[in-house]
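One structure is given here, and the rest of the page talks about it.
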């Protein structure tokens, strides 16, 4: 009886998680796209020398992405892996190529962590800067020509016709796309993105007591036994 029950459950699971079903899963599509892009640029720009890592989406303030070395540890072994995080809050206002340039920016950190000599956490040193230039991503603290090439906070801009630009065009020509973006952008607060949460002032017309609360509150004054009125 136990064998039959387990077999039935197993078949049901396989049916639900068939390849056709997985194609409709947004989580699968989102992170398959990330893994595919990582593998493409690893081969095209790094000679397939980068270790696998965990790619996440994180809403870190004022950051397109970040790299964290040895961020995750396997629960049942001593395996430790790095993290690359991309910020989906910026996806709506950036092109796919610009988003992918951030991925490669962080891949340059992965390369340096495992094949170079990184400085303190978060610092972009000369070795990293020179590697970025060879990739066709020009380091700049402003994200434009003329910015500082090294430092704690360094962005980049794309060298037109450079290695990254060509490798990215190759990927995009295959129909590559990043389907989803955060509905809340860095210039739009969560409050403005959803329903209004502005608090209103309420007053009792009898004793003039005041209070604050969300719109639509139905509150009464315990002394006067009359309703508070929104100001």
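Going residue by residue through region 135-150, is there one that turns out to be touching a residue at least 12 places away in the same chain (Cβ under 8 Å), buried (at least 17 other Cβ atoms within 10 Å of the Cβ), more than 21 Å from the chain's Cα centre (by Cα) and part of a helix (DSSP H, G or I)? There is at least one residue in region 135-150 that is touching a residue at least 12 places away in the same chain (Cβ under 8 Å), buried (at least 17 other Cβ atoms within 10 Å of the Cβ), more than 21 Å from the chain's Cα centre (by Cα) and part of a helix (DSSP H, G or I).
Looking at this structure, is residue 83 touching a strand residue (DSSP E or B) at 6+ places or on another chain (Cβ under 8 Å), in contact (Cβ under 8 Å) with a residue 24 or more places away in the chain and under 19 Å from residue 185 (Cβ atoms)? Here the answer is no, as residue 83 does not meet what is asked.
Taken as a whole, the condition of being in the same structural domain as residue 46 (by TED's automatic domain parsing), at pLDDT 95 or above and more than 25 Å from residue 57 (Cβ to Cβ) applies to residue 129. The residue that is surrounded by the most Cβ atoms within 10 Å (Cβ to Cβ), among those in region 175-186 that are in contact (Cβ under 8 Å) with a residue 60 or more places away in the chain and closer than 17 Å to residue 96 by Cβ, is 178.
Of all residues in region 152-174, count the ones that are surrounded by 11 or more Cβ atoms within 10 Å (Cβ to Cβ), modelled with pLDDT of 95 or more and not in a helix (DSSP H, G or I). Adding up the residues that qualify gives 7. Suppose the filter is at pLDDT 95 or above and surrounded by fewer than 20 Cβ atoms within 10 Å (Cβ to Cβ); does residue 104 pass it? For residue 104, the condition - at pLDDT 95 or above and surrounded by fewer than 20 Cβ atoms within 10 Å (Cβ to Cβ) - is not met. Considering 74, 48, 44, the condition of being surrounded by fewer than 18 Cβ atoms within 10 Å (Cβ to Cβ) and touching a helix residue (DSSP H, G or I) at 6+ places or on another chain (Cβ under 6 Å) is satisfied by 48 alone.
The values are calculated or read from the model by the stated rules, or taken from the named source; none is laboratory data. Computed from a predicted structure; not experimentally measured. Heads up, the Cβs are rebuilt from the backbone with ideal geometry, glycines too, and the neighbour counts pull from every protein chain shown.
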